[in-house]
Amino acid sequence: MAISKAMLTALKTLSYPDVDIRKTYKLHRKVKSLGRGFRISRNYKIWDRLVLNGEHEVPVRIFSPKNEKTDRILLFFHGGGWVVGNIDTYTRVCVNMARLTKHIVVSVDYRLAPENKFPLGLEDCYTVAKELYIDGNYRDVKPENITIIGDSAGGNLAAALSLMARDRGEFMPSKQILIYPATGNDYSENSPFASVKDNGKDYLLTSKRVEGYMDLYMSSEEDKKNPYFSPLHASDLTNQPETLIITAEFCPLRDEGEAYGKKLNEAGNKAYVHRIPDALHGYFALPPNFDMVEKTYELINEFLWR
């Protein structure tokens, strides 16, 4: 179903083009946390643990079916512009993900900016991945049965982690799923991508807000040239995991996500790119009975179980 004129009017009202996330990110964190309460189905076992990264303990939440044996893991990095969101606000998403994919889901509560700027959050994600791939042997899950997945900023972290893993040579994910990922570094009027201009004002996530998130995340302007900050601009994209990229039609990040898939293929990798019609950025957090979410899980399961 296409977006109606009434819905477009409502979206324009909700997009708050003048809000500066750099000044209001603490308020946004509080608002996000208001909806974190969620009653968990008895069919799932959920527990928390800590993974040590230097002197920092990275919280991890594990979602596992109680009565269904599985030997596959989804290592999940949440969205929120590297600034908002946590394992509490994504509990509902992860429960649904575990149920609909028949995978154990490991959700990482990486450190947030601006208190912890690039690359600290990414290093947290890498440390958890390293434990799973090398040190953990969690529930006899083989490394080839671990898939990394992230939405938005989490998609950025997943893509960056795969580049970092290749470069460090300690382990290598076999598959990654990037849901409307942030891969670029320019959300100004000079952006080369039409989606930044066409979808950057009236569709909830504005290009101004993305710029604000990026400013909070980076340590300096030099970070924009770093492939672990902006994977799309990596000079070398060879030897990357088999990749599924899912974008949303009315998302400012749409074109850069699709461009990343194209560059991965050009570098000799296998990347599959799908655009979800009429979808907005953030739709993946909607209940699974929404058509666009249902379609997304169809694509994810086809990719995971091929």
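Considering only residues that are β-branched (V, I, T) and within 13 Å of the chain's Cα centre (by Cα), which ones fall in segment 77-105? Lay out the reasoning, then the answer.
Here is the first cut: in segment 77-105, the residues β-branched (V, I, T) are 83-84, 87, 89, 91, 93, 95, 101, 104-105.
If the condition is that a residue be β-branched (V, I, T) and within 13 Å of the chain's Cα centre (by Cα), then V83, V84, I87, V93 are the ones that fit.
Determine if segment 190-199 includes at least one residue that is aliphatic (A, V, I, L, M), farther than 13 Å from R72 by Cα and assigned to a loop (DSSP other than H, G, I, E, B). Outline the logic, then answer.
Kept after step one, since they are aliphatic (A, V, I, L, M), are these residues of segment 190-199: 194, 196.
Adding the requirement that they be farther than 13 Å from R72 by Cα leaves 194, 196.
Then drop every residue that is not assigned to a loop (DSSP other than H, G, I, E, B), which leaves none.
So far as segment 190-199 goes, no, none of its residues is aliphatic (A, V, I, L, M), farther than 13 Å from R72 by Cα and assigned to a loop (DSSP other than H, G, I, E, B).
When the residues of segment 51-83 are narrowed to those that are free of Cβ contacts under 8 Å to residues at least 40 places away in the same chain and not in a strand (DSSP E or B), which ends up surrounded by the most Cβ atoms within 10 Å (Cβ to Cβ)? Spell out how you get there, then give the answer.
Applying the first criterion (free of Cβ contacts under 8 Å to residues at least 40 places away in the same chain) to segment 51-83 yields 54-55, 57, 65-70.
Among the residues that remain, those that are also not in a strand (DSSP E or B) are: 54-55, 66-70.
Details: G54: 10, E55: 5, K66: 10, N67: 8, E68: 11, K69: 8, T70: 15.
Across segment 51-83, the extreme among qualifying residues is T70.
Select from segment 232-255 the residues that are in a helix (DSSP H, G or I) and over 12 Å from L178 (Cα atoms) and list them in ascending order. Walk me through how you get there before you give the answer.
Quick first cut of segment 232-255, residues in a helix (DSSP H, G or I) only: 232-233, 254-255.
Those that are in a helix (DSSP H, G or I) and over 12 Å from L178 (Cα atoms): L232, H233, D255.
Just to be sure before I move on: is D278 touching an Asp or Glu at 6+ places or on another chain (Cβ under 7 Å), surrounded by fewer than 17 Cβ atoms within 10 Å (Cβ to Cβ) and not in a helix (DSSP H, G or I) in the structure I sent? So that I can check it myself, show each step before the final result.
On the way: touching an Asp or Glu at 6+ places or on another chain (Cβ under 7 Å): yes; surrounded by fewer than 17 Cβ atoms within 10 Å (Cβ to Cβ): yes; not in a helix (DSSP H, G or I): yes.
Yes; evaluated as a whole, the condition is true for this residue.
Condition first: surrounded by fewer than 24 Cβ atoms within 10 Å (Cβ to Cβ), in contact with a Leu (Cβ under 6 Å, 6 or more places away or on another chain) and part of a helix (DSSP H, G or I). Now tell me which residues in segment 260-275 satisfy that.
Matches in segment 260-275: K263 only.
Would you check if there is a residue in segment 171-191 being buried (at least 20 other Cβ atoms within 10 Å of the Cβ), more than 18 Å from L304 (Cα to Cα) and among the β-branched types (V, I, T)?
Yes, the conditions are met somewhere in segment 171-191.
What number of residues within segment 176-235 are closer than 16 Å to Y25 by Cβ and acidic (D, E)?
Of the residues in segment 176-235, 2 are closer than 16 Å to Y25 by Cβ and acidic (D, E).
Check segment 61-73 and report whether any residue there is touching a His at 6+ places or on another chain (Cβ under 9 Å), within 17 Å of G155 (Cβ to Cβ) and at pLDDT 95 or above.
So far as segment 61-73 goes, no, none of its residues is touching a His at 6+ places or on another chain (Cβ under 9 Å), within 17 Å of G155 (Cβ to Cβ) and at pLDDT 95 or above.
The values are calculated or read from the model by the stated rules, or taken from the named source; none is laboratory data. Since this is a predicted model, take the numbers as computed values, not measurements. Because the Cβ atoms are built from the backbone with ideal geometry, glycine has one as well, and the counts that use them run over all protein chains shown.
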